[in-house]
Amino acid sequence: MKNLIFVLTFFLFLSCSNVEKNKPENLMSEDEMVNFLFDINIINSSRAFRNRSELNYYNIKDSLLFKKHKIDSITFSDSNFYYASNPKIYLKIYSKLEKKLSNLKDSVSKVMDDYTKKRQDSLKNSI
């Protein structure tokens, strides 16, 4: 039994040390990953519906996203694989992303609420 625990501990240690060995040279920072994933989420969400605005985000090509962040698809793929191989770090990245998306939602909701209130007030004043 002690040998089994020793072997499992040894393999766990090896797998953790391999994580650092497998760190890509062009690794995006955690904040860069958050910002990139944020943009991906916004673009993909906007592709889900068509609005009457002239800003048609669903036409944005992925290549423009890579250009904006000054990376290529391989850099993102390598970084995503590395972080996905490290669940604690990946969870931290997605927690930051969730907070950033939540802040955006809150600010948009506030603007919409203010707009609705002004509109209702103007209707009351016109009556």
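Brief remarks on what is shown
- Beyond 26 Å in Cα-Cα separation lie the following of the pairs Lys23/Lys61; Lys70/Lys92; Lys23/Lys96; Lys68/Lys92: Lys23/Lys61.
- Extension gain, Ser107 to Asn22: 0.36 nm times the residue separation minus the Cα-Cα distance gives 26.7 nm.
- Taking θ as phi - 60° and the Karplus parameters 6.51, -1.76 and 1.60, the scalar couplings of the stretch 31-45 work out to 5, 5, 5, 4, 5, 5, 5, 4, 4, 4, 5, 5, 5, 5, 5 Hz in sequence order, x denoting glycine and proline.
- Using the Karplus relation 6.51 cos²θ - 1.76 cosθ + 1.60 with θ = phi - 60°, the per-residue 3J(HN,Hα) values for the stretch 71-83 come to 9, 10, 5, 5, 4, 5, 4, 5, 5, 4, 5, 4, 5 Hz, with x marking Gly and Pro.
- Peptide packing: for 81-90, 29-38, the average count of neighbouring Cβ atoms within 10 Å per residue gives the ranking 29-38, 81-90, highest mean first.
- Here Ser46 and Asn125 are evaluated by their C-beta separation; at R0 = 35 Å the FRET efficiency comes out at 0.50.
- Length gained when the stretch Ser77-Ser63 is fully extended (0.36 nm per residue, less Cα-Cα span): 3.7 nm
- For the stretch 118-125, the Karplus equation 6.51 cos²θ - 1.76 cosθ + 1.60, evaluated at θ = phi - 60°, returns couplings of 4, 5, 5, 4, 5, 5, 5, 6 Hz by residue, with Gly and Pro reported as x.
- Whether the stretch 25-113 is rounded, prolate or oblate, judged on the alpha carbon gyration tensor where a/c under 1.5 counts as rounded: oblate
- Comparing Pro87, Ser109, Ser45 along the charge dipole axis of the stretch 25-113, the residue lying farthest to the positive side is Ser109, per the Cβ-charge model.
None of the figures in this text is laboratory data; all of them are computed from the coordinates on show. What you see is a predicted model, and the numbers here were worked out from it, not measured in a lab. Because the Cβ atoms are built from the backbone with ideal geometry, glycine has one as well, and the counts that use them run over all protein chains shown.
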